[in-house]
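> Sharing a structure, written as structure tokens. Questions coming.
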Amino acid sequence: MADFFDMALLEITNVTKDFGGLEALSNVSMQINDGDIISLIGPNGAGKTTLFNCITGTMPPTSGSIKFLGTQLIGLPPHEVARQGIARTFQHIRLFNRMTVMDNVMVGNDHTGRTGIPVGADQTCPGTPGADRCFAPPPLRYD
């Protein structure tokens, strides 16, 4: 068994998604390691959203493997994928007008009701210009 710290955070291997006669994803493979910053770019219809849907469990791939911290995600319902530590937000053009930018971003991370809660209502974030509150990051699960 590989050492935990040598394991990829997210490993996508030969993921294919067919919609009848249309192949939206064809043998997509990538590995994301701790500290990586990845961009997924492409024109409309290139399969970006389809890949995110496959990763998050909202749409099963036709074939392939998607592992997060060594755990196979394919076949898990979206709420179980979220419990593993993978969640997504959707592109909305309407924000919550009375909330800060940080609060709007944290809405997408509040799938359990335990995240995005201010550490202290009057606590400021040292060294962060303009930050009105500090937020406790969600804990990573490694079990």
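> Based on what the data block shows, is THR49 part of a loop (DSSP other than H, G, I, E, B) and either of a type in the set (Ser, Thr, Tyr) or at pLDDT 95 or above (or both)?
Details: part of a loop (DSSP other than H, G, I, E, B): no; either of a type in the set (Ser, Thr, Tyr) or at pLDDT 95 or above (or both): yes.
When the stated conditions are applied, THR49 does not pass them.
> Then there's this: In the set ASP18, ASP36, which member is of a type in the set (Asp, Glu) and surrounded by 13 or more Cβ atoms within 10 Å (Cβ to Cβ)? Can you show your working first?
Numbers: ASP36 fails: surrounded by 13 or more Cβ atoms within 10 Å (Cβ to Cβ).
Selected residue: ASP18, the only one of ASP18, ASP36 that is of a type in the set (Asp, Glu) and surrounded by 13 or more Cβ atoms within 10 Å (Cβ to Cβ).
> Here's a follow-up. Could you list, in sequence order, the residues of segment 13-41 that are in contact (Cβ under 8 Å) with a residue 12 or more places away in the chain and out of contact with any helix residue (DSSP H, G or I) (no Cβ under 7 Å at 6 or more places or on another chain)?
Within segment 13-41, THR13, ASN14, THR16, ASP18, ASN27, SER29, MET30, GLN31, ILE32, ASN33, ASP34, ASP36 qualify.
> What number goes with the only condition from (1) part of a loop (DSSP other than H, G, I, E, B); (2) touching a residue at least 40 places away in the same chain (Cβ under 8 Å); (3) not charged (D, E, K, R) that ASN44 does not pass?
(2)
> Right, something else. For residues in segment 61-83 being of a type outside the set (A, V, I, L, M) and part of a loop (DSSP other than H, G, I, E, B), which is surrounded by the most Cβ atoms within 10 Å (Cβ to Cβ)? Before you say what the answer is, go through the steps one by one.
Filtering segment 61-83 for residues of a type outside the set (A, V, I, L, M) gives 61-65, 67-68, 70-72, 75, 77-80, 83.
Add one more test, that the residue is part of a loop (DSSP other than H, G, I, E, B), and what stays is 61-62, 70, 75, 77.
Working: PRO61: 23, THR62: 14, GLY70: 13, GLY75: 10, PRO77: 10.
By that ranking, first place goes to PRO61.
The values are calculated or read from the model by the stated rules, or taken from the named source; none is laboratory data. Owing to the predicted nature of the structure, the values given are computational and were not obtained by experimental measurement. So basically every Cβ, Gly included, is an ideal-geometry build from the backbone, and we count neighbours across all protein chains shown.
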